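Report on one structure; see the data block that follows.
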Amino acid sequence: MKTLILTLLIATCLAGCNKEPSSSDAAPKTAAPVHDVAWYLEHEAEHDATKRRCKANPGALRETAECINADQAQKQIFVWGREEALRRSREGH
């Protein structure tokens, strides 16, 4: 009985040794740079494109820095308007 348990324990420990890296374990591919909120305030066309991309696939993209920053820029635009939001971001408010 001890031999069986020991054999199963060793087999279990060694089962993960030859694991091939999965696509999620591999190093990430070169991604586009993440832009901050101020950048999205200054680049209206890219901001709109990012919002559309995030809205089209929220399950996969909602929690990415890109979508979070674009969403935050949109909130600032909603509250203050684009020009005032830009002014505030430049002043560090």
Looking across the stretch 73-91 at residues that are of a type in the set (Gly, Ala, Ser) and assigned to a helix (DSSP H, G or I), the single one that is nearest to the chain's Cα centre (by Cα) is ALA73
Scan the stretch 49-72 residue by residue and report those that are among the hydrophobic types (A, V, I, L, M, F, W, C) and not in a helix (DSSP H, G or I).
none
Scan the stretch 42-82 residue by residue and report those that are under 13 Å from ALA32 (Cβ atoms), of a type in the set (Gly, Ala, Ser) and either touching a residue at least 60 places away in the same chain (Cβ under 8 Å) or in contact with a His (Cβ under 8 Å, 6 or more places away or on another chain) (or both).
ALA70
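No value in this document is a laboratory result; all are computed from the given coordinates. Just so you know, these numbers come straight off a predicted model, no measurement behind them. Neighbour counts are summed over all protein chains in view; Cβ atoms, including those assigned to glycine, are modelled from backbone coordinates with ideal geometry.
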